[in-house]
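Just so it is clear, none of the values below were taken in a lab; they were calculated from the coordinates. From a predicted model like this one, the values you see are computed outputs, not experimental measurements. Glycine also receives a Cβ, built like all others from the backbone with ideal geometry; neighbour counts cover every protein chain displayed.
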Amino acid sequence: MTVPHVAFVGYSDSGKTTLASRIVARLKQKGYKVGALKHGAHDDFQPDQEGKDTFKYMEAGADIVMIASENRVHLWEHSSEPDAYALNRLLQRFAGMDIVIIEGYKREGAPKILVARTEEQLALRHRLTGLLAIATTLPAQADVPVFRIGDIEGIACFVEGLLSPR
């Protein structure tokens, strides 16, 4: 069974990391187990550095954070269980999470929330598959729900609505 997930997509500097990490924090406050997966555009990423996107997800309280590029993956997992890092546990990766918040992977088939601050960024909506909603600073009309980027509670409730009842 696939873990419920939603991807926050958009161009660089659209606010994806800020918004997605705030959604992680809000869902954690609501008691959910949340994983975070960031698409790394390059293989030269430096894991676990303060100020980097993955660090922000850890600070937001994500239970698991992963960054993956074409040829490299790095995983952080918080656990106090004695066998948490045994091979069979690592292979399960995000099993047991209520949801995985993804940043990036706009070309994949994952359900998506577009994050846009400019008209150019907003135009990406016409090229996306699986678009569920838009988070923007602009006035926008679409066939999907449109949220203000700062509406963390509204977006978190929307994401929460994607989950099966607990």
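Net charge in the neighbourhood of Arg117 (other residues with Cβ under 13 Å of its Cβ; Lys, Arg +1, Asp, Glu -1) is -1.
Of the trypsin sites (Lys or Arg not before Pro) found in region 92-124, the ones in coil according to DSSP and having at most 12 other Cβ atoms within 10 Å of their Cβ are Arg107. Here's how it looks for Phe147: its modeled amide H is under 5 Å from those of Ile134, Ala135, Thr136, which are all 5 or more places away or on a different chain. One chain, two ends: Ala142 and Thr2. Fully extended at 0.36 nm per residue, the span grows by 47.6 nm beyond their Cα-Cα distance.
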